[in-house]
Amino acid sequence: MSIISGISASFVFSRAGKAAAAAVISLAANGCATVKTMTDDFERKWEDPKSILAQMDETAAANRASDSSAAQMAAFNSNDCAKKAGLLDETADEATLTARQIVGGECLLASGKNEEASKLFAIAEENAGGAIALQGKGVALVRLGDFQQASTALQSATALDPSLWRAWNAYGVAADNLGLKDEAIASFEKAAELNPADGAALNNLGVALLKTDRRPEAIAALKRALEADGAREAAEANLRLAYALDGDYANSTRALPDTERAIGLNNAGVAAATRGDTAEAKRLFARAIEESPHFYAKAYNNLSLLTE
C-alpha cells in the first residue's frame, strides 16, 4: 500500500511515526510571498504504511505562509522597485553605487529573482557593502537551497552587525536545513528578540521547537506570533498542529472557518494517529467526512487505514 507523503510545504513527519513538526515558515522580510519547508530531508515513504498516516491536507489557506514584512525590510522600504533598480544605470561614486546595488538586490528579492539577487549582493559585498550585502546574499542563497553558502554569508553578516534580525532569521532556516537544530532555535530566538513586532521569527521559532518535541514552548511562541504582525496564517496553522500533537484536540479544531473545517479536522486526526490516539483519530476523521460539503477522499482513506 502506498501513502502520499504528507504536506510537502506545511507538515512534515518522520518515518518513525513521531511528528517532526509543521514546516510552514516565512523567510521574514525578504520581500517575496513564498512558502518554505523547514527541512527537505524527510522520508517520503514510510517503512510501514499503517504505522503513520501521511494524509494531511495542504489545501487550507491557513497552511500557506505569507512573507508579510516587505515594508519593514532592513535598508529597504519602497513601493517602486523598478524605479529604484533603474538608478543602478546611473554613474555614481563607489559608496552610492554600492548602496544602489543593495537596493537593487532587495528589489530582485521582492520580485522572486533570487539567483540574480544573490549575484548583485555578491557584487555589493566585493564593493564593501558590508553586513547588509551579506545579509541579502544569505537570504537569496537560502531561497535557492544553498544552505551551506547561505550559512557562511549570514554568519559573517551577524558577526559584522548583530542587530540584523533578518540575517538571524535566515540563518535559522539554513541551520535547520543543515541539521543544526539548537543553532536554528537560538537564531530564531535572537531574531524574535531583535524584532518582536514581526511574527515571522516567532513562527519559525515555534516550528523549530515543535520539531524537537518541545511542545509547550512551541505553543507559547506560536501564540506570541499570532499577537504580532506577520506570518499570522502560518502561525495559526502551526499552532493548531502543536495543540493536536500535544493531545489538545479541542483547541486544535476550535473556531475553524467553515471553508477549512473538514481539512482542520482531518489534520487533527493525523496528529492524533501519530500519538497513538486511535479512537480520537477515528472520531476526527469521521467528523471531517461528515462535515465536508463533498466526498472527502483523504479523510475517508485515513479512516479506512485505521479500521483495516
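We did not get these values from a lab; they are worked out from the coordinates using the rules stated. Keep in mind the model is a prediction, meaning the values are calculated, not measured. Neighbour counts run over all protein chains shown; Cβ positions are idealised from the backbone, glycine included.
With θ taken as phi - 60° and the Karplus curve 6.51 cos²θ - 1.76 cosθ + 1.60 applied, the whole-hertz 3J(HN,Hα) list for the range 100-112 is 5, 5, 5, 4, x, x, 5, 5, 5, 4, 5, 8, x Hz, x standing for glycine and proline. Label-to-label distance, Ala297 versus Ala128, with points set 7 angstrom from Cα along the beta-carbon direction: 6.2 nm. Each residue of the range 195-209 was assigned a 3J(HN,Hα) from its phi angle through the Karplus curve 6.51 cos²θ - 1.76 cosθ + 1.60 (θ = phi - 60°); the sequence is 9, x, 6, 9, x, 5, 5, 5, 4, 5, 4, x, 4, 4, 5 Hz, with glycine and proline shown as x. Under a 5 Å amide H cut-off, with hydrogens placed 1.01 Å from N, Leu256 pairs with nothing among residues at least 5 apart or on other chains.
The number of Lys pairs in the range 70-244 with C-alpha atoms less than 20 Å apart, excluding pairs fewer than 8 positions apart on the same chain, is 13. The C-alpha atoms of the range 168-232 occupy a region whose extents along the principal axes are 29, 23, 16 Å, arranged from largest to smallest. In order along the range 213-219, the Karplus-derived 3J(HN,Hα) couplings, from 6.51 cos²θ - 1.76 cosθ + 1.60 at θ = phi - 60°, round to 6, 9, 5, x, 5, 5, 4 Hz, and Gly and Pro are given as x.
Could you calculate the FRET efficiency of Ala95 with Lys223 from 1/(1 + (r/R0)^6), where r is the beta carbon distance between them and R0 is 45 Å, rounded to 0.05?
Details: r = 44 Å, r/R0 = 0.98.
Result of the calculation: an efficiency of 0.55.
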